[in-house]
1. Determine which member of the set A73, A83 is modelled with pLDDT of 95 or more, more than 20 Å from K8 (Cβ to Cβ) and among the small types (G, A, S).
2. Among the residues that make up region 46-64, is at least one of them within 10 Å of the chain's Cα centre (by Cα) and under 23 Å from L86 (Cα atoms)?
3. Considering region 80-100 alone, what residues qualify as being under 20 Å from Y33 (Cα atoms) and crowded, with 16+ Cβ neighbours inside 10 Å?
4. Of the numbered conditions (1) modelled with pLDDT of 95 or more; (2) surrounded by 11 or more Cβ atoms within 10 Å (Cβ to Cβ); (3) over 18 Å from R106 (Cα atoms), K25 fails exactly one; give the number of that condition.
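The values are calculated or read from the model by the stated rules, or taken from the named source; none is laboratory data. Computed from a predicted model, the values in this text were never measured in an experiment. Counting neighbours? That spans all protein chains shown, and the Cβs are built from the backbone with ideal geometry, glycine included.
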Amino acid sequence: MQDFKKLKVWDKSHYLTLEVYKVTKSFPQSELYGLTSQMRRSAASIPTNIAEGSGRNSSRDFARFLDIAMGSASELEYQTLLARDLNLLKQDEQTRLFNSIVEVKRMLTGLIKKLR
């Protein structure tokens with residue numbers, strides 16, 4: 001068991017979640033229960049699963065939660081592309097989010113490999 005707040009991947013994914021909340025504030029009200037909610041849930045699921053997994057007793061369990069976080073990151077990656085294609089995100093916002101998502105996914109991959 002380790003302190004999740006000391007993990008760089010948790011820190012990066014927490015920052016990513018804050019960014020998603022920030023950019024989705026400008027989405028239309030009609031998307032509140034649609035894409036806004038989906039993107040926020042996907043983003044928050046990443047650091048949430050890292051935190052939950054770090055509290056488990058085995059590396060195997062931790063890796064399983066990191067796999068779930070990876071799935072959420074992939075969901076968010078698609079949702080970011082969709083938001084851009086629907087003209088809900090500016091190109092620079094989409095690029096910034098996309099780069100952060102890719103970085104988090106790389107970090108998750110590295111940590112999962114280390115645990116297995």
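1. Working: A73 fails: more than 20 Å from K8 (Cβ to Cβ).
Residue meeting the stated conditions: A83.
2. no
3. Step one: of region 80-100, the residues under 20 Å from Y33 (Cα atoms) are 80-89.
Passing the criteria: T80, A83, R84, L88, L89.
4. (2)
Residues are listed down the side, and each one gets a yes or a no for (1) among the small types (G, A, S); (2) buried (at least 18 other Cβ atoms within 10 Å of the Cβ); (3) touching a strand residue (DSSP E or B) at 6+ places or on another chain (Cβ under 6 Å); (4) not in a helix (DSSP H, G or I):
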{"residue": "Y33", "(1), (2), (3), (4)": "no, no, no, yes"}
{"residue": "Q38", "(1), (2), (3), (4)": "no, yes, no, no"}
{"residue": "T48", "(1), (2), (3), (4)": "no, yes, no, no"}
{"residue": "D61", "(1), (2), (3), (4)": "no, no, no, no"}
{"residue": "A69", "(1), (2), (3), (4)": "yes, yes, no, no"}
{"residue": "Y78", "(1), (2), (3), (4)": "no, no, no, no"}
{"residue": "V102", "(1), (2), (3), (4)": "no, no, no, no"}
{"residue": "M107", "(1), (2), (3), (4)": "no, yes, no, no"}
